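Working notes, beginning with the structure itself.
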Amino acid sequence: MAGRFSHARTRRHSRAPAHHEEEEIGVRIRWSSRQRRGPGAIGVVRRTVAALAALAVGLGIAGATASTAQAATPGIEIAVLHDGAVIGDGATIPEGAEITLRVQYDAAQPIAGTSIVITLPADITVAGELPGNEAIDSVVQNGDGTLTVTFKDPIPSDITEGAFALKLTAGQVDGDTESPVTWKIGDDEGGVRLIVEDEVTPPATVEDGYAKSVNPGNLDGFVVTSGSPDYAFEGLRPDIAEQLLSYTLVLSSAEARSGYTISDELAAGLGFVPGSFTAELTTAEGSSPYSFSPAVSGNSFSGTVDVPAQSTLRISYQVRVTDAPALEALLRAQYEARGNTPGNYEIQLPNHVVFGGQHERSVNVRLRGNIPGVWIGDHFAKRGEWTLRDVVANADGTLRPAAEMVYTLHADLTPWDGRNANFTLDRNVVIRDTLIEQASWKTGEGFIELSGTGPLTGLTEAAGFTGTAADFAADRYVGQYALLGRTLLVNVGKDNTTAVDVRVRAQLDTVAGLPGSGETTVVDGTRFPWNNRAQFFAGTGDPVNRDHNAGVVVLPEGYEDGVNDSAAFSKTARNEEVRVNPGERAQVPYRFEIDTSKPNIDPLRSRIVDELDTTVFDVSDPAAIPVSGSYGSQALSQEHFALSADEQGRLVIQLSEAGKTLVASLPKHQRWTVDVVFTTVPFDGKQTFEIYNRATLHSAGADWDYWSDDDAEATSYGDEAELRKRLYDAETGSWTPRLEAGIREGAFVDDRFVYSIELIPRGDYGRAFPVSIFTREDVLPESVEFLGFVGLDEDGKPSAEVLSSESVDMNGNVLASYADGVVTIRQQEGTSLNPGQGRIVTTFAVRAKDASQPIVNTIAGSEAIIVPVGDPSVDIEKWSDEGEAPAYDDRGALTNDGFAGDFDRAPGKPLSAGTSQQLRFTVSNDGREELRDVTVSDELIAGGGELRDLSCVFPDGSEGTRWPGPFAIGAQFSCTGTLPALAPGQSHGDRATVTAVGAHSGTSVDDADEWHGFTESVPGTSTPPSPGGDPAQPAAPHAPAAAPALASTGGAPALWLGLTALLVTGIGASLVLVRRRRSGGAGAAE
């Protein structure tokens, strides 16, 4: 079952003998079992229960601030927590508080079938569901204030440690109440005596405060004008005198005030409404009317109040306009001061109050009118057809090709309708646009176009013009444009029926001299600004400026192989982490996002090729993969997509015919999203899949492809923690559990390696309630030497500088230290794990001393392996089937050299004249490195009969004589060919050759092997054609003669050669031994 707040550890390692310690806790004695824990795999079983809290394999829980009160039962520890800390006898908690009773158990101790009886006082109750856990058989509420928790018998074998928590709530009490929480395990008893505190909520504290407000805040609605066309100020509406203004004063008092003065003064033209004063006093007991009768004199008042401590006094009163003509005169003066210039004219009617002679507060009532006019800025605009574009540049910054831009300059003259001077243009409107020096106007056909309404139907060039924008405003230039280097001038006239768009073409030619930055979504790209300003001259004042700021991103070298631009194409996992139960499959949702406004990205001609890891995902039936998406606001469903696999097994996603039809009917350049749900293979117990995934967007006609990659995780861990060990791969800049490290002549090329140990809190681990990790030890292999802890730079790359050789602080209040070949991870004393501080990881450097075999390092089941690769070698054996085949060990070395059928010397195998012979090749990677670019060939070297129909079946199932690989270490593949029938008395000898290249080192290797055969010269005889010996003395078909020792990477052991020499000596034969040397070149026959 899925499990929140539960944990179990897989029993996969041996344990050191336990030892006990006693520690006094208040009036109780602590007795617990502790043992050194070696590396072990994490295995956690989970159940979804809101009240249960989880811990991880190899990790445990301890109090952050207090010792644990518990029964003296080995393997079970019980503690009570409040506000994230363990509490002990006499601890005080407020009524209504939430507390947690936490039980930690060690399944290595004899606790199977054990029952814990927990007794709660009447004022402490269980909140929420009862806890559950795979190690628990039952939890029963007995109805008498007790609960009984019983462990399974036996406890499941994959559990070693676990924990659960009981959420409790302290109820309401009448006075401070002693409330013991106790538990009993067999004859062992324990508990905590709590004090539930009766809390009385104090009233809210009042601080000194002073405030004033008014409603409404303006009288603009009473301003009267003549309207169009003059909009002259004519005065105020008579009913302004009937408008009430409501004022409120607020006095807040921390201490009592006696004879406290409040004085207030209105603006001239305003007066108090008689009898409108009211007041209300609010204290802790409530609110009540308050008598406030100030002395009013004209437009001011003054009064005193007596108020108690911790009180708030609200005084309200109303005001009217008492002298409208005076206010009208003030507003008229403001109107006339504008001189008929468009804009607002107004006056403010202030009101000031002074509290206690020193605290002044003011509010204003506004009286405003307006002179209308054309706001120039609302009717001129500039835009460009794009704001960001990817480009390619030469080393000198020249773009190839130039980045073209179409600007649109918009001028709308229709608001100048001539109703008065403020709505009349007195000069022609001229647009001036000057490009930056890196850009130019793209003159020629289609350079400038005009569209819209009004008398202008097009623009002609004012050839030879050399003046200013003011000069170009002359009537003779209406409907014309002029180019003065990088400056464009356009005269659109002043006719008030004109509303036009001027489209003009420009291009950015180079980025030389522009400031570059890395602020771009294109990985390794460089962004350069292309800013442009158009100025619209519509009067004698300053021009209206309108900008279009764009940018280009110069693509990095190698863009032909694809561009990583998340703005154009991205693939992201919808969830950073997906969790399932062991044995289940995970559903991992991904989203692809494509910006089809990018040049040449056409959804109708595009396809996504996703390089899914088939060891993680099951994509055996692409058509069954759930897919949906959208194009703009149009939803797309499964029927709108076609999913398939290409020849390399990659998933191909594209629109189906139905999808293309639908998208073709919609506006272009929309955002295209594709949502896909991939299903993993089943999880094998507790397991985390670190999923790296890369996808490429191919669009027909595009100058380059776009690619995107994503890292996600799917895990069968629950609310628990995972320990992960990794090695840094400097070539890829990533952390990996398996690192292939180059060797040369048996030694590492670079013997310095960096490990990381990361603690990963999953789900609510460390958040549901405080936990502290168990101390973990990483015992380093004897083949490495610890150099020290190292830091990481901002890109996550290990530093060459050693921070410390002893200890370093990690996030999460965790400490890493080293001593005597062991790196120890432990909780800092007196703290709890803090999952919110970021990645909890430590990194340290080692020197590897032995490259003879893989270096395996394990902590809590997480394994990191250094695999020595290099010293490549390849072996080829050519043979005929005589009932025995070549045999190899797990590293690919031949173990039965000289097997029957290995006729690698003349005269070789007796053949039947007129009958063809099938020959076999076996190729083995017997080096220490994967191989690539494998080629198998064969050549005739003696006699007659060339081999025909040579073909190999490679490990991936492909066939031929050439294979790109990779050819795994210790792997083999087979080839076959046919030797055509020989005539009587004819001999044959040929040589099979294999060549390859080390995948890591790039070293070329090869090997060759010969095969010989002959037919009888006279029917009924078996004497082969003589290779130079005595034909009257027949030789055994395959008895090698003694030969000098050979440095062969795939040949016979020296012992076999010695035995061969003795054998030949014994039979008196003189033969030739043919073997090869394979590494670095084919050996000659000896």
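The values are calculated or read from the model by the stated rules, or taken from the named source; none is laboratory data. For clarity, every value in this text was computed on a predicted model and none was experimentally measured. All Cβ positions, glycine included, derive from the backbone under ideal geometry; neighbour counts span all protein chains shown.
Count, please, the residues in the range 881-926 that happen to be more than 22 Å from Gly945 (Cβ to Cβ) and of a type in the set (Lys, Arg). Break it down stepwise before answering.
First pass over the range 881-926, keeping only residues more than 22 Å from Gly945 (Cβ to Cβ): 883-899, 923-926.
Pick out the ones that are also of a type in the set (Lys, Arg) and you get 891.
Qualifying residue count, the range 881-926: 1.
Just name the residue that is surrounded by the fewest Cβ atoms within 10 Å (Cβ to Cβ) out of those in the range 293-309 that are within 14 Å of Thr261 (Cα to Cα) and in contact (Cβ under 8 Å) with a residue 40 or more places away in the chain. Can you show your working first?
Kept after step one, since they are within 14 Å of Thr261 (Cα to Cα), are these residues of the range 293-309: 293-296, 300-307.
Checking the rest, the ones that are also in contact (Cβ under 8 Å) with a residue 40 or more places away in the chain come to 302-307.
On the way: Ser302: 14, Gly303: 17, Thr304: 15, Val305: 22, Asp306: 11, Val307: 19.
So the residue we want is Asp306.
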Checklist outcome for this item: Per the filter on the range 440-497, residues at positive phi and surrounded by 11 or more Cβ atoms within 10 Å (Cβ to Cβ) are Gly446, Gly452, Gly454, Gly479, Gly493
Next on the checklist: Take the conditions closer than 19 Å to Asp795 by Cβ and surrounded by fewer than 22 Cβ atoms within 10 Å (Cβ to Cβ) and apply them to Gly742. Does it pass?
Outcome noted: no
Next on the checklist: Report every pair of residues separated by at least 6 positions or lying on different chains whose Cβ atoms are under 6 Å apart, first residue within the range 373-400 and free of Cβ contacts under 8 Å to residues at least 12 places away in the same chain, second assigned to a loop (DSSP other than H, G, I, E, B).
Outcome noted: Arg400/Val392
Checklist entry - Among the residues of the range 100-109, is there at least one that is at pLDDT below 90 and of a type in the set (Gly, Ala, Ser)? => result yes
Next on the checklist: Checking Tyr345 against (1) out of contact with any helix residue (DSSP H, G or I) (no Cβ under 6 Å at 6 or more places or on another chain); (2) outside any loop (DSSP other than H, G, I, E, B): exactly one of these is not met. Which one?
Outcome noted: (1)
Checklist outcome for this item: the range 521-605: strands (runs of 3 or more DSSP E) wholly inside it with 1 or more residues that are within 21 Å of Gly384 (Cβ to Cβ) and among the charged types (D, E, K, R) are 526-537, 544-554, 587-595
Next on the checklist: Restricting to the range 351-402, and then to whatever is within 24 Å of Gly227 (Cα to Cα) and among the hydrophobic types (A, V, I, L, M, F, W, C), can you tell me which residue is surrounded by the most Cβ atoms within 10 Å (Cβ to Cβ)?
Outcome noted: Leu367
Item to check | Residue within the range 796-807 that is outside the structural domain of His82 (by TED's automatic domain parsing) and in contact with a helix residue (DSSP H, G or I) (Cβ under 7 Å, 6 or more places away or on another chain) present | outcome: no
Checklist entry - What is the residue count in the range 815-843 for residues that are closer than 14 Å to Glu777 by Cβ and not polar (S, T, N, Q)? => result 10
Checklist entry - Can you pull out the strands (runs of 3 or more DSSP E) entirely within the range 921-1004 that have at least 3 residues that are touching a Gly at 6+ places or on another chain (Cβ under 8 Å) and surrounded by fewer than 18 Cβ atoms within 10 Å (Cβ to Cβ)? => result 931-943, 948-953
Checklist entry - What are the residues in the range 594-608 that are surrounded by fewer than 19 Cβ atoms within 10 Å (Cβ to Cβ) and either more than 18 Å from Asp675 (Cα to Cα) or touching a strand residue (DSSP E or B) at 6+ places or on another chain (Cβ under 6 Å) (or both), if any? => result Ser597, Pro599, Asn600, Asp602, Arg605, Arg607
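Among residues belonging to the range 632-649 that are part of a strand (DSSP E or B) and touching a Ser or Thr at 6+ places or on another chain (Cβ under 8 Å), point out the one that is nearest to Lys660 (Cα to Cα).
Selected residue: Phe641.
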Checklist entry - Going by the conditions given, is Tyr590 in contact with a Phe, Trp or Tyr (Cβ under 6 Å, 6 or more places away or on another chain) and of a type in the set (Phe, Trp, Tyr)? => result no
Next on the checklist: surrounded by 22 or more Cβ atoms within 10 Å (Cβ to Cβ), part of a loop (DSSP other than H, G, I, E, B) and of a type outside the set (Val, Ile, Thr): is that true of Gly796 in this structure?
Outcome noted: no
Checklist entry - Does Pro868 fit the bill of being of a type outside the set (Ser, Thr, Tyr) and crowded, with 20+ Cβ neighbours inside 10 Å? => result yes
Checklist entry - Could you count how many residues in the range 886-901 are touching a Phe, Trp or Tyr at 6+ places or on another chain (Cβ under 7 Å) and either at negative phi or not assigned by TED's automatic domain parsing to the domain that holds Ala999 (or both)? => result 4
Checklist outcome for this item: Among strands (runs of 3 or more DSSP E) entirely inside the range 696-793, those with 3 or more residues being hydrophobic (A, V, I, L, M, F, W, C) are 706-715, 721-729, 738-744, 752-761, 784-792
Checklist outcome for this item: Exactly one of Leu245, Leu236, Leu168, Leu251 is under 30 Å from Gly113 (Cβ atoms) and touching a residue at least 12 places away in the same chain (Cβ under 8 Å), and that one is Leu168
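Condition test on Leu331, is it among the aliphatic types (A, V, I, L, M) and part of a helix (DSSP H, G or I)?
Taking the combined requirement at face value, the residue satisfies it.
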Checklist entry - Given the structure, is Ser258 under 30 Å from Gly343 (Cα atoms) and hydroxyl-bearing (Ser, Thr, Tyr)? => result no
Item to check | Subset of the range 680-714 [of a type in the set (Phe, Trp, Tyr) and out of contact with any helix residue (DSSP H, G or I) (no Cβ under 7 Å at 6 or more places or on another chain)] | outcome: Phe683, Phe689, Tyr692, Tyr706, Trp707
Next on the checklist: I'd like to check something: does the range 169-177 contain any residue that is at pLDDT 90 or above, touching a strand residue (DSSP E or B) at 6+ places or on another chain (Cβ under 6 Å) and not aliphatic (A, V, I, L, M)?
Outcome noted: yes
Checklist entry - Which residues, counting only those in the range 956-993, are of a type in the set (Lys, Arg) and in contact with a Ser or Thr (Cβ under 8 Å, 6 or more places away or on another chain)? => result Arg962
Item to check | Filter result (crowded, with 21+ Cβ neighbours inside 10 Å and not β-branched (Val, Ile, Thr)) within the range 107-131 | outcome: Ala107, Pro131
Checklist entry - Here are Val552, Val563: which of them is touching a strand residue (DSSP E or B) at 6+ places or on another chain (Cβ under 6 Å), of a type in the set (A, V, I, L, M, F, W, C) and farther than 30 Å from Phe536 by Cα? => result Val563
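Per-residue answers, yes or no, for (1) charged (D, E, K, R); (2) surrounded by 24 or more Cβ atoms within 10 Å (Cβ to Cβ):
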| site | (1), (2) |
| --- | --- |
| Gln828 | no, no |
| Leu833 | no, yes |
| Gly836 | no, no |
| Ala851 | no, yes |
| Glu863 | yes, no |
| Asp875 | yes, yes |
| Arg905 | yes, no |
| Lys909 | yes, no |
| Ser916 | no, no |
Next on the checklist: Within the range 926-936, does at least one residue satisfy the condition of being of a type in the set (Ser, Thr, Tyr), more than 22 Å from Ala885 (Cβ to Cβ) and at pLDDT 95 or above?
Outcome noted: yes
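When residues of the range 186-228 are filtered for being part of a strand (DSSP E or B) and either more than 30 Å from Gly171 (Cβ to Cβ) or of a type outside the set (A, V, I, L, M) (or both), how many remain?
Of the residues in that region, 17 qualify.
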